[in-house]
Structures are given as structure tokens and as C-alpha cells.
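The structure appears below as C-alpha cells.
The values are calculated or read from the model by the stated rules, or taken from the named source; none is laboratory data. Nothing here was measured: the structure is a model prediction, and the numbers come from that model. Because the Cβ atoms are built from the backbone with ideal geometry, glycine has one as well, and the counts that use them run over all protein chains shown. Side chains included, ligands, DNA and RNA excluded: accessible areas come from the protein's heavy atoms. Shrake-Rupley method; radii C 1.70, N 1.55, O 1.52, S 1.80 Å.
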Amino acid sequence: VHSDIEKISGLIGKKPTKVTLLVAADWKRKLYEIARKEKSFESTLKGASVAGLPMKDAPLVTKQLMKNVHSLGNILSSEGEQSALTDAKDFLSNEFGGCAVEIVNEENSSHQKAKLAMPAKPAIVLE
């Protein structure tokens, strides 16, 4: 997360005044686990349908997961990931000039980048 914030900050050419980390929704974690087991796009989508996951967004997320399907490892729960990021809040704030750091679950955000959050890879918004 730290290096990703550095890269984004470098691209926009300024230090952030606020960093928002958006943690992936629980259904994406379920889809992640299905993809880890099934290893194919079609099988993962079938599993997602059986599990009652949101099929409107499942194909796009599955496509992202398939890029690294053979190296998908264990992931933290949503609460675990949120907790780990919360523990790193002060460190990240200090690293980026004392800016505010906010950790938000994707489901509780209306930001357009929230949908980009993936398990173990939060979406990052710099202001």
C-alpha cells in the first residue's frame, strides 16, 4: 500500500492531504476463494452464481482475478484487512507529511474508485 501511494503521489505530482483506502467488499472475497479453487473463468462464474454473488459485477472482478489465478494465496477477512490497515494508519500519515488517512469498506463508499478495491489490494484515493 505504501509504495502504491508513493507511485500515485508521484504521478499527480503532489503530496496528498488525505489518503482514503477502500477495502474490498465481502462478496469479492468469496469470489476470490472460488477462483482460487476453480482456476477458470467459466467455473468461477458458475460458482459465483451458485453462491448468489452479484452477477452484474462478478465477470469484471473474475477477469481481474484470472490474471494471477495460479498465484492467488490466502487472504485476510475484510475485518482483518481493515484492522491491519488501521494499525498502519499512523505510519502512513507520518510517511506522507501528516496527511489524514481514512480506511473505508467499499460497501460504505460512494466514490467511483470504490469498485476497484480487490481482496488484499485496497483501492486508493488521494486528495
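Overview of results
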{"quantity": "Centroid-to-centroid separation of the stretch 100-120 and the stretch 25-83 [C-alpha atoms, Å]", "calculated": "17 Å"}
{"quantity": "The stretch 1-118, accessible area per residue, ligands and nucleic acids excluded (1.4 Å, Å²)", "calculated": "59 Å²"}
{"quantity": "Full-stretch length increase - S110, L11 - with 0.36 nm per residue and alpha-carbon distance subtracted", "calculated": "33.3 nm"}
{"quantity": "Inter-label distance, nm, simple model (7 Å from Cα along the C-beta direction), M55/A88", "calculated": "3.6 nm"}
{"quantity": "Nearest-ten-degree value, helix 41-50 long axis tilted from longest Cα axis of the chain", "calculated": "80 degrees"}
{"quantity": "Degrees separating the helix 78-87 axis from the principal Cα axis of the chain, which is the longest one", "calculated": "20 degrees"}
{"quantity": "Estimated [θ] at 222 nm from DSSP helical runs (n ≥ 4, -39500 (n - 2.57)) normalised by residues in the chain, nearest 500", "calculated": "-14000 deg cm²/dmol"}
{"quantity": "The chain, relative contact order in percent, only Cα pairs under 8 angstrom and at least six apart counted", "calculated": "48 percent"}
{"quantity": "Percent carbon-and-sulfur accessible area, the chain, ignoring ligands, DNA and RNA, probe 1.4 Å", "calculated": "52 percent"}
{"quantity": "Hydrodynamic radius of the chain per Kirkwood, over alpha carbon pairs, in Å", "calculated": "15.4 Å"}
{"quantity": "Local electrostatic count, S78, Cβ distance below 14 Å [Lys/Arg +1, Asp/Glu -1]", "calculated": "-2"}
{"quantity": "Highest average packing first - 6-15, 105-114, Cβ atoms within 10 Å", "calculated": "105-114, 6-15"}
